[in-house]
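Q: Once you've had a glance at the structure underneath, I'll fire off some questions.
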Amino acid sequence: MYAKHQTASRIARPSQMKIEVGGHPIAYELRGEGAPVVLVAGTGYPGATWPPAFLRPLLARHAVLTFDHRGTGATPPSAGRYSTRLFARDAMALMDALGLPAAHVLGHSMGGRVAQWMALDRPDRIRTLVLAATGPGQFRDDRPITRGIPVQAAREMIEKGYERYMREHIRETFFTKEFAEAHPERVRWLVEAFWTNRPDLENYLRHVVARQEHQTAERLGDIKSPTLVMIGDRDTLAMGTGAHVEQSEFLMRHLPNGTMRVVEGASHGMFWQLPERSAEILLDWTGAR
């Protein structure tokens with residue numbers, strides 16, 4: 001039996017609901033039937049950004065939970081410092097409040113860092129883990145990670161402004177150059193889905209700090225859940241935490257029960273550039289577990 005909930009207000013989508021967990025309201029959508037899949041979005045990204053072409057195949061076999069992190073979409077911000085571990089507590093509390101059983105938890109980018117804490121803190125609630133285009137924090141002394149807002153991102157945002165920065169950042173990092181040129185409508189869909197449900201600038205930057213401060217590299221051996229590491233072979237751009245291909249390779253070397261699937265031709269946004277292929281890989285994984 002799912003817990004009592006109410007229709008979300010600000011920026012709510014037709015099927016979106018809101019429930020209080022741990023004293024804080026979280027906006028979410030729960031659709032479909034079957035073993036649950038929980039999708040954890042990236043830095044400042046609301047649940048509305050998961051693409052329909054990726055969700056449709058999942059909904060044919062699974063119940064799918066998406067939600068808005070604190071300060072994004074219809075979930076209000078909170079005082080105090082944001083962290084990936086705090087977002088993990090939110091996600092687990094949401095699963096508990098909705099009465100969901102152990103789930104396949106997929107985290108993309110910062111969401112993969114959140115998912116690592118979910119598996120570390122509440123392994124009984126994880127059926128399997130999917131870490132997509134993500135990393136564990138700093139793992140090389142010669143490549144320190146900025147523990148705060150990266151200077152390049154700050155400079156570009158000051159020069160371009162928030163909206164232009166996000167439009168260009170999404171196009172240049174989530175999609176390969178040739179795909180973005182051939183399919184501008186796919187890029188535009190993600191940009192508009194983000195911008196319509198965006199966090200305000202302060203909360204976006206608080207999410208960036210949470211991502212940059214994430215650190216689980218020393219704890220990966222404690223993640224016992226079966227784990228799928230998904231990475232696009234073109235996800236090689238060094239961003240705030242480095243290049244995700246290298247980070248994914250580190251995850252694979254240190255996760256006790258890891259399996260890697262490389263999505264050929266994809267950059268950071270595999271679920272948006274190649275949604276059907278990404279869903280096929282995910283369903284192969286969940287179907288066997």
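The values are calculated or read from the model by the stated rules, or taken from the named source; none is laboratory data. Being a predicted model, the structure only gives us computed values, none of them experimental. All Cβ positions, even for glycine, are placed from backbone atoms using ideal geometry, and neighbour counts span all protein chains on display. Heads up: the accessible areas ignore ligands, DNA and RNA and are worked out on the full protein's heavy atoms, side chains in. Shrake-Rupley method; radii C 1.70, N 1.55, O 1.52, S 1.80 Å.
Q: Amide H of residue 229: which non-local residues (sequence gap of 5 or more, or other chain) have their own amide H closer than 5 Å, using H built in the peptide plane?
A: Long-range HN contacts for residue 229: 131, 259, 260, 261.
Q: Given labels modelled 7 Å from the Cα in the Cβ direction, how far is it in nm from residue 160 to residue 276?
A: About 3.1 nm, to one decimal.
Q: On average, how much accessible surface per residue is there in segment 1-157, in Å², for a 1.4 Å probe, leaving out ligands, DNA and RNA?
A: Normalised by residue count, the accessible surface of segment 1-157 is 38 Å².
Q: On the accessible surface of the chain, probed at 1.4 Å, how many percent belong to carbon and sulfur atoms? Display every interim value, and only then the final one.
A: Details: 6100 of 11960 Å².
Summing carbon and sulfur atoms, their accessible area is 51 percent of the total for the chain.
Q: For residue 18, go through the aspartates and glutamates and keep the ones whose alpha-carbon is under 18 Å away, minus same-chain ones fewer than eight residues off.
A: 29, 68, 90, 96
Q: Answer rounded, prolate or oblate for segment 162-271, using the Cα gyration tensor with square roots of eigenvalues a ≥ b ≥ c: rounded when a/c is under 1.5, else prolate when a/b is larger than b/c, else oblate.
A: Note, shape of segment 162-271 comes out oblate.
Q: Which option, (1) 6, 28, 38, 24, 4, 0; (2) 7, 31, 40, 20, 2, 0; (3) 6, 27, 29, 20, 13, 4, 1, 0, is the value of P(r) over Cα pairs in 10 Å bins from 0, in percent that was calculated from these coordinates?
A: Looking at P(r) over Cα pairs in 10 Å bins from 0, in percent for this model, the match is (2).
Q: While we're here: By a straight-distance test (C-alpha under 17 Å), which aspartates and glutamates pair with residue 177 as possible cross-link partners, with residues fewer than eight away in the same chain excluded?
A: Straight-distance partners of residue 177: 168, 185, 233, 235, 264.
Q: I've got another one for you. Can you compute the helix-only [θ] at 222 nm over the chain? Use -39500 (n - 2.57) per DSSP H run of at least 4 residues, normalise by all residues, nearest 500 deg cm²/dmol.
A: Details: 11 runs with 117 residues, N = 289.
Per the formula, -12000 deg cm²/dmol.
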